[in-house]
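Worksheet for the structure shown next.
The values are calculated or read from the model by the stated rules, or taken from the named source; none is laboratory data. The structure presented is a predicted model; accordingly, all values stated were derived computationally and were not measured. Because the Cβ atoms are built from the backbone with ideal geometry, glycine has one as well, and the counts that use them run over all protein chains shown. Heavy atoms of the whole protein, side chains included, go into the accessibility calculation; ligands, DNA and RNA do not. Shrake-Rupley method; radii C 1.70, N 1.55, O 1.52, S 1.80 Å.
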Amino acid sequence: MNTIQEGVAAAVKSLYDSDFPAEKVTISSTRKEFEGDYTVVVFPFSKAARKKPEAIGEDLGNYLKSHLAEVADFNVIKGFLNLVISDDYWKSFLQANSENTSYGKQPSNGKKVMVEYASPNTNKPLHLGHIRNILLGWSSAQLFEAAGYDVIKTQIVNDRGIAVCKSMLAWQKFSGGATPESKNTKSDHFVGEYYVLFNQKLSTEYEAWQASEAGKAVYAEKHKAAQSETAFFKAYKNDYFNEYSKLGKEAREMLLAWEANDPEVRALWEKMNTWVYEGFDATYEKLGVHFDKNYYESDTYILGKATVEKGLAKDVFYQKEDGSTWIDLTDAKLDHKIVLRADGTSVYLTQDLGTAQLRYQDFGVDSMIYVVGDEQNYHFKVLFESLKRLGEPYADALYHLSYGMVDLPTGKMKSREGTVVDADDLIAEVTAEAQKNVEERGELAELSEAQRADIIRKIALAALKFFIIKVQPKKRMVFNPKESVDMQGQTGPYVQNAYVRIQSILRKAAATQGDFSGYQSLESLEKDLLAKLYAYPELVKTAAENLDPSEVANYCYDLAKSFHKFYHDHSILRAESEAAKHFRLALSKMIAQVLESGMLLLGIEMPERM
């Protein structure tokens, strides 16, 4: 494509004596309804040529055909020049890359990027929303590695605060000393049950208070005109928790004791967090992800205070009369944001300022990617702008990979009410769907139980991961377990099936390498597949730049779909000639390699059988 752009620029100079930058020549793949491989837009040259677009297209086409060996023919449709690339070029491209297992990966660029993802709370297990976060983070990290970056994968574990104390208090009051082992429950699920139990107990307490004289008095004093008791108390629940609730008071006291390093509270906290981490690690292992460095909010929540002091000295921050510290971001179309409370305690912005600086000290990264849901869009605008004003050297290379929430066909999920779909349960459900499909097809019956289980695991994880990653991150989505394993849909198993089909062909072939130089006339589907393969390295680079793994997922689907059509329309092992057979074997092998490479960027393994 660079060659074509340079050729067009040379043509414009030669034909019209006009300088036009090669990188500004607009070129794209030719639409399927027209003949050609690449299309050049000729309208930008009208002023220099003083001709109609069709005439310019003819001029440029003739020039490129006579000056570029890669261009075999051309046609002009209005203001678009469609170029036909020579069969010899495509064959030489295939010959050079069919055995290249690193095809698509860029050499090291010497830059270091940190990707933060997952970032769970230790009061509950990982759920479906976390899965989208984790998969987007992992695949983005893989994309950056393929694009030549040194990548550090990290998470910040939210292991402190009132929500964690709710789980701790509920276990302390209501568990009777139960453990994950005594209840035969996965350890993070065990802790999460006490978070749900706390909120159930709180709701019961709240309902009783509403009916009490104290509750009625508060309603009489504070409700708005025409506001029903139901509407008032629904909106008042947080105030009740902070002002009147016995459970709320105990939870707040536990948090204060934790902050004061009370040994009993700290021991309980460490015990319950250990249970949660064991559960998290098991889920991460199922998903095939890991981290290079974990940060913990219990260590970082006091960070940033020194930064605030420095920012005050530089007039980046200012203090109000009550002693609280703020930053004025109104000139950046944001707002005045607090960075330190009047009592000297931190807010999330303070902590995130300090954590960013700590990470830079730890790794010296050139950029940082935060994978966080779109409800935090404003927070990250404030954080990034604040770091710029503090003069941090990495501040211009901070990115928020913002993503939409995940719903189920049944609707939204709510952690406090226990209606969240846990990650482990979802993995189990998709695995059950994959196993059902395998049993119905009956094609793995002769394999051992262990072999079948491994294949089913790969199919299930492909179904789960692909279904989530194929959606552009910013879009809200609905996850449907049954649709995710559909072998005929836009799914991970559909892509895997193309790979498995190729492996079967290669196993049957007497030899997968041979001379195909004598294969004279490529089929249109063959050229289409080669053009898709040719685009893969640039696609990886662009997907990394756009922080959009869905581009890779959809590329893999399109490549698999094109191969399935080619397999249906053309014989490979019984091709019309030995040259055609060896060409198609080499083409199939490279398709399989690119499918495997692309899917691995999404964290998806390919099975040898299905």
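Given contacts defined as C-alpha pairs under 8 Å and at least six residues apart, what's the relative contact order of region 547-610, whole-number percent?
Numbers: 26 pairs, mean separation 26.8, N = 64.
So the answer I get is 42 percent.
Rounded to the nearest 20 debye, what is the charge dipole size of region 508-610 about its Cα centre when +1 sits on each Lys and Arg Cβ and -1 on each Asp and Glu Cβ? All intermediate terms of the calculation are to be shown ahead of the outcome.
Numbers: 11 positive and 15 negative charges, 70 e Å.
Charge dipole, region 508-610, about its Cα centre: 340 debye, nearest 20.
Just name one of Leu559, Leu530, Ile572: the one whose Cα is farthest towards the positive end of the charge dipole of region 506-591 (beta-carbon charges, Lys/Arg +1, Asp/Glu -1).
Final value for the positive-end residue is Ile572.
For the Cα atoms of the chain, what angle does the longest principal axis make with the long axis of helix 348-363, in degrees from 0 to 90, nearest 10?
Long axis of 348-363 versus the principal axis of the chain: about 50 degrees.
How far apart, in nm, are the 7 Å Cα→Cβ label points at Lys565 and Lys224?
A separation of 5.7 nm, rounded to one decimal place.
Which Cα, out of Ser86, Gly104, Ser66, lies furthest along the positive dipole direction of region 61-104 (beta carbon charges, K/R +1, D/E -1)?
Toward the positive end, the furthest listed residue is Ser66.
With volume of the Cα convex hull per residue in Å³ in mind, check (i) 220; (ii) 240; (iii) 204 and report the label derived from this structure.
The listed entry that was calculated here is (i).
Suppose R0 equals 22 Å. What FRET efficiency, 1/(1 + (r/R0)^6) with r the Cβ-Cβ distance, do Val478 and Lys436 give to the nearest 0.05? The partial results should precede the final answer.
Details: r = 21 Å, r/R0 = 0.96.
According to the calculation, E is roughly 0.55.
Across region 246-261, in residue order, what do the Karplus-derived ³J(HN,Hα) couplings come to in whole Hz, using 6.51 cos²θ - 1.76 cosθ + 1.60 with θ = phi - 60° and x for Gly and Pro?
Going residue by residue, I get 5, 5, x, 5, 5, 5, 5, 5, 5, 5, 5, 5, 4, 5, 8, 6 Hz, with x marking Gly and Pro.
Multiply the residue separation of Ser14 and Arg252 by 0.36 nm, subtract the distance between their alpha-carbon atoms, and state the gained length in nm to one decimal.
Working: separation 238, 0.36 × 238 = 85.68 nm, distance 7.83 nm.
Here the segment from Ser14 to Arg252 would lengthen by 77.9 nm.
On a 0 to 90° scale, report how tilted helix 53-67 is relative to the longest principal axis of the chain, with both axes built from alpha carbons and the result rounded to the nearest 10.
70
Return the distance in nm (one decimal) between the two label points of a simple spin-label model at Lys271 and Lys541, each offset 7 Å from Cα along Cα→Cβ.
Here the answer is 5.7 nm between the modelled labels.
What whole number of Å gives the distance from the Cα centroid of region 14-91 to the Cα centroid of region 416-468?
49
Report, in debye and to the nearest 20, how large the dipole of the chain comes out about its Cα centre when Lys and Arg carry +1 and Asp and Glu carry -1 on their Cβ.
Rounded to the nearest 20 debye, it is 740 debye.
Could you give the size of the charge dipole of region 103-243 about its Cα centre, using +1 on the Cβ of each K and R and -1 on the Cβ of each D and E, expressed in debye and rounded to the nearest 20? It would help to have the intermediate numbers written out before the result.
Working: 17 positive and 14 negative charges, 75 e Å.
So the magnitude is around 360 debye.
Subtract the Cα-Cα distance of Lys320 and Met1 from 0.36 nm times their separation in residues, and report this length gain in nm to one decimal.
Values: separation 319, 0.36 × 319 = 114.84 nm, distance 5.85 nm.
Fully extending the segment from Lys320 to Met1 adds 109.0 nm.
Can you compute the FRET efficiency between Lys310 and Ser108 using 1/(1 + (r/R0)^6), with r the Cβ-Cβ distance and R0 = 30 Å? Round to the nearest 0.05. Please report the intermediate quantities before stating the final value.
Values: r = 35 Å, r/R0 = 1.15.
Taking R0 as 30 Å, the efficiency between Lys310 and Ser108 is 0.30.
Would you work out the relative contact order for region 350-503, in percent, from Cα pairs under 8 angstrom that are 6 or more residues apart?
On the way: 156 pairs, mean separation 34.2, N = 154.
Result for region 350-503 is 22 percent.
Quick one: which residues, 5+ away or cross-chain, put their amide H under 5 Å from the amide H of Ile152? H built at 1.01 Å from N.
For Ile152, the qualifying residues are Val113, Met114, Val115.
With each pseudo-label sitting 7 Å past Cα toward Cβ, what's the Asp343-Ala453 distance in nm, one decimal?
Inter-label distance under the simple model: 5.3 nm.
Calculate how steeply helix 492-508 sits against the longest principal axis of the alpha-carbon atoms of the chain, using the helix alpha-carbon long axis, and give the answer as 0 to 90 degrees to the nearest 10.
Helix 492-508 sits roughly 40 degrees off the main axis of the chain.
Of Met610, Met599, which has the most accessible area with a 1.4 Å probe, and how do the rest follow in descending order?
Details: Met610 25, Met599 0 Å².
The ordering from most to least exposed comes out as Met610, Met599.
Relative contact order for region 326-437: what is it in percent, counting Cα pairs under 8 Å that are at least 6 residues apart?
Values: 90 pairs, mean separation 22.3, N = 112.
The normalised contact order for region 326-437 reaches 20 percent.
Starting with the highest mean, order 175-184, 291-300 by the number of other Cβ atoms within 10 Å, averaged over the residues of each peptide.
291-300, 175-184
Using helices alone, I'd like the mean residue ellipticity at 222 nm for the chain: each DSSP H run of four-plus residues gives -39500 (n - 2.57), total over residue count, nearest 500. Please list the in-between numbers first.
Working: 24 runs with 339 residues, N = 610.
It comes out at -18000 deg cm²/dmol, rounded to the nearest 500.
Solvent-accessible area per residue for the chain at a 1.4 Å probe radius, Å²? Can you show the working numbers first?
Numbers: 28690 Å² over 610 residues.
Solvent-accessible surface per residue comes out at 47 Å².
Hey, can you rank 263-271, 10-18 by average C-beta count inside 10 Å, highest first?
Working: 263-271: 14.2, 10-18: 16.1.
With the highest mean Cβ count within 10 Å placed first, the list reads 10-18, 263-271.
Let's test the formula: R0 of 51 Å, r as the Cβ-Cβ distance of Lys183 and Lys381. What FRET efficiency results, to the nearest 0.05? Before the final figure, lay out the partial values.
Values: r = 44 Å, r/R0 = 0.86.
FRET efficiency, Lys183 to Lys381: 0.70.
With the dipole of the chain worked out from charges on the C-beta (+1 for Lys and Arg, -1 for Asp and Glu) around the Cα centre, which of Gln210, Met487, His582 lies farthest toward the positive end?
Looking along the dipole axis, the top candidate is Gln210.
Please list 213-223, 121-131, 151-161 highest first by mean number of surrounding beta-carbon atoms within 10 Å per residue. Kindly include the intermediate steps, with their values, before the conclusion.
On the way: 213-223: 12.6, 121-131: 23.8, 151-161: 20.8.
Highest-to-lowest ranking by the protection proxy: 121-131, 151-161, 213-223.
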